Amino acid sequence: MMDSRNVDLVRSIRAAWERGDYSSAAWADPQIEYVVADGPSPGTWKGLPAMAEAMREALSAWKGLRSQADEYRELDDERILVLLGFRGRGKASGLDVEQLGTKGAEVFHLRDGKVTRLVLYWDRDHAFADLGLEEQATAEESTTPDLEELLRRLIEASNRRDLDAVLGYLAPDVVYDTSHSGFGIYTGVPAVRGFLEDWFSSYEEFEMVAEEIVDLGNGVGYTILRQRGRPVGSSGEIRRRSASVGLSVNGLFVRLTTYSDIDEARAAAERLAQERG
C-alpha cells in the first residue's frame, strides 16, 4: 500500500528548495546517500556533511539555479519520483539552462519518515531508463495531476496539522483567500504559514471531512467540507460546513479560496473553470 505521507514529506522538502531555502536537513537520515547520476559533476556522497558540501558546490557554479517539480509519482511504498524543470544561468558559460530545455528528475528513497537515498538526474530519460520506465521517455511526459487526489491529501495533511506537508502543495506565490469566510487574503507561502500556524494553535481538536470533491477540469476543483473543532480552553465544540475552491498548475495550488456559502463556492468554481477552458 502506498504511503501518502512519503509524498507529503517530499513535497515539503521541494517546497523549501523551490523557495531557495536549503537550511533544514531534518528530513534526511544521517547516513543518507546522495547520488548525482549524470550532468556536469556526477558522483556519490555519503552522510549529511558530504551531501551538503556537494549541493553547495553544485549551486556555486550557477547564478540563480532553481529546480521546480513538474510531477510527483509514487513508484512504490519507499520511492518517490519527482520530474523536474530547471532555471538558472551558468556563471562561466552564461548558458540559460531553461532555454536549453533541460528536464531532470529526482528519486527519493524513504524509510521510517526519513530520506535514506536521493538520486539527482539532469537527464530525465536517464532516470526513466534506470527505473525501467523507458517507454515513458518517448511518451508524453507531462500529465495533469489528479486534482481530486491533491485536494484529498491537502485535507489529510491539515487534519494531521502537518504544516510543512500542507505548504508543500502550494506554489511559492499562492493566494489564499479566506475573505469570504470572514478572514483575510494571504499571498505567498510565508503569509499562509503564519495564518495556518495561528489557526491550528487556536484548536485543541480539529478535523475536516470531505463530503464531496469535484474536479471541473482546467486545473479547477472544489470540495465541500464538514468541520468540527474544540477551541483551546473550551469544552464546547464548533461544527460548520464550508467549501474551498482550488486552482492548480503543475500539481501545485496557485489559488485557494474558502467560502461559508456552498452555492457561492460552486458558482465561483464553475465560472473559473469556464474562464480557463
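Readers should treat all values here as calculations from the given coordinates under stated rules, not as data from a laboratory. Every value quoted in this text rests on a predicted model; they were computed, and no experiment measured them. A quick note on method: Cβ atoms are made from the backbone with ideal geometry, for glycine too, and the neighbour counts reach across all protein chains shown.
Things worth noting here:
- The chain: relative contact order as a whole-number percent, Cα under 8 Å and 6+ apart: 15
- Computed [θ] at 222 nm, deg cm²/dmol, the chain (DSSP H ≥ 4; -39,500 (n - 2.57); rounded to nearest 500): -9000 deg cm²/dmol
- Environment charge of Glu264, counting only residues whose C-beta is closer than 13 Å and scoring Lys/Arg +1, Asp/Glu -1: -1
- Chymotrypsin sites (Phe, Trp or Tyr not before Pro) within segment 207-277, DSSP loop, no more than 16 other Cβ atoms inside 10 Å: none
- Within the same chain, aspartates and glutamates fewer than 8 places from Lys114 are excluded, and of the rest, those with a Cα less than 18 Å from its Cα are Asp3, Asp8, Asp29, Glu33, Glu74, Asp76, Asp77, Glu78, Glu106, Asp162, Asp164.
- Here r is the Cβ-Cβ distance between Lys114 and Ser41 and R0 is 30 Å; the resulting FRET efficiency, rounded to 0.05, is 0.75.
- Note on Lys63: aspartates and glutamates with a C-alpha under 14 Å away, same-chain residues under 8 apart excluded, are Asp96, Glu98.
- In plain terms, if you count all Cα to Cα distances in segment 212-277 and split them into 5 Å steps from zero, the share in each step is 4, 17, 25, 19, 13, 9, 6, 5, 2, 0 percent.
- Summary: within the chain, the longest segment free of GluC sites (Glu not before Pro) located in DSSP loops with at most 16 other C-beta atoms within 10 Å is 142-236.
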